[in-house]
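Scroll down for the structure; my scribbles are underneath it.
The values are calculated or read from the model by the stated rules, or taken from the named source; none is laboratory data. Keep in mind that what you see is a predicted model, and the values were worked out from it rather than measured. When we count neighbours, we look across all protein chains shown, and the Cβ atoms used for this are built from the backbone with ideal geometry, even at glycine.
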């Protein structure tokens, strides 16, 4: 929920402890190989799992897990493609629907149907029949707002894309660069889905005229520029609107000490774009058997129910329950913008090029 994600990133930005296991600096699968009892997971910086859940997998499977974090989602995917002939690991986690076609077109993954994948909800499935990727989580990229700011200024928070270009919200929004950030790209795709090929550029012209600020990634946008985050409040961020995730409010609650009764931030649900993250067995994985076991684990109920409060994303399998923090503070969008992977594949690069020319120059 993917990354700058996902989604996902909200937890890291607010101080979530990451796995103690770390990636090896050795070349090729982080030290794992055929017959090895070490399996290496390559991912973006936002991957996290509870230590007890990870240990349970290691005890059951007999494999030791190493996690190699490789920057934000876009950076990690690009590096995995460049190193696919001599991969850094066995499984890659964190390619989302905005970048999926790039990974598949470059032959990043080999086919494997994970055990338990029959429980994955149909709307999250991709690459039907080939099973080169396995859906692992979903999240909604949405504009978040600082409740205190809007209350103090007696201003109603925006609820939709259309609202963001109204004069009363001038100079209030910060978003991420669509060419360098997963949530930034997701927000761009959300506007393309909402306004279509003919109107999205006109929308961005109006958004630019209304003072939208663009920064490189989620960390800067949310923790430095946004006035409503724990980081933003300390840094005196002055933008009360930020492109983040629907799961950011529960993250604000969980990591606050003491916990507030209500989340300090809210979600403009009419601005959401559904993001889905996938994992796959790398084409030249040295420990393919360990990689298959790890993929099975990623769609197990144990891992799926651990994800919400570890990475602040939603599970994709039937029967996985959500913690009350999610149901109370961060429900998924009921009607998010979506886009078929084929349309993303056909238009993504040109849209980003046009967006860059339009917004950054």
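Evaluated against (1) touching a strand residue (DSSP E or B) at 6+ places or on another chain (Cβ under 7 Å); (2) surrounded by fewer than 24 Cβ atoms within 10 Å (Cβ to Cβ), residue 306 falls short on exactly one condition, (1). Filtering the stretch 182-207 to residues that are under 21 Å from residue 227 (Cβ atoms) and touching a helix residue (DSSP H, G or I) at 6+ places or on another chain (Cβ under 6 Å) leaves 183, 207. Every condition in (1) more than 18 Å from residue 124 (Cα to Cα); (2) in the same structural domain as residue 249 (by TED's automatic domain parsing) is met by residue 341 except one, and the failing one is (1).
Name the residue that is modelled with the highest pLDDT, counting only residues in the stretch 34-45 that are closer than 22 Å to residue 94 by Cα and surrounded by fewer than 24 Cβ atoms within 10 Å (Cβ to Cβ).
38
Which one of 228, 186, 232 is buried (at least 19 other Cβ atoms within 10 Å of the Cβ), on the phi < 0 side of the Ramachandran plot and within 16 Å of the chain's Cα centre (by Cα)? It is 186. Out of curiosity, is residue 138 at pLDDT 95 or above, in contact with a helix residue (DSSP H, G or I) (Cβ under 9 Å, 6 or more places away or on another chain) and either part of a loop (DSSP other than H, G, I, E, B) or farther than 24 Å from residue 204 by Cα (or both)? Judged against the criteria, residue 138 is a match. Taking the condition of being surrounded by fewer than 19 Cβ atoms within 10 Å (Cβ to Cβ) and under 30 Å from residue 262 (Cβ atoms), how many residues in the stretch 334-360 meet it? Residues flagged as surrounded by fewer than 19 Cβ atoms within 10 Å (Cβ to Cβ) and under 30 Å from residue 262 (Cβ atoms) within the stretch 334-360 amount to 3. If the condition is being part of a helix (DSSP H, G or I) and over 19 Å from residue 41 (Cβ atoms), then the stretch 105-128 contributes 105, 118, 119, 122, 123, 124. Being outside the structural domain of residue 93 (by TED's automatic domain parsing) and in contact with a strand residue (DSSP E or B) (Cβ under 7 Å, 6 or more places away or on another chain) holds for only one residue in 261, 213, 205, and it is 213.
Of the helices (runs of 4 or more DSSP H) lying entirely inside the stretch 241-338, those carrying at least 1 residues that are at pLDDT below 95 and under 15 Å from the mean Cα position of the chain (by Cα) are 248-254, 301-311.
In this entry, residue 292 is excluded by the filter for residues that are surrounded by fewer than 24 Cβ atoms within 10 Å (Cβ to Cβ), within 27 Å of residue 106 (Cα to Cα) and outside the structural domain of residue 59 (by TED's automatic domain parsing).
Out of 146, 85, which single residue is buried (at least 24 other Cβ atoms within 10 Å of the Cβ) and at pLDDT 95 or above?
Details: 85 fails: buried (at least 24 other Cβ atoms within 10 Å of the Cβ).
Result: 146 is the single residue among 146, 85 that is buried (at least 24 other Cβ atoms within 10 Å of the Cβ) and at pLDDT 95 or above.
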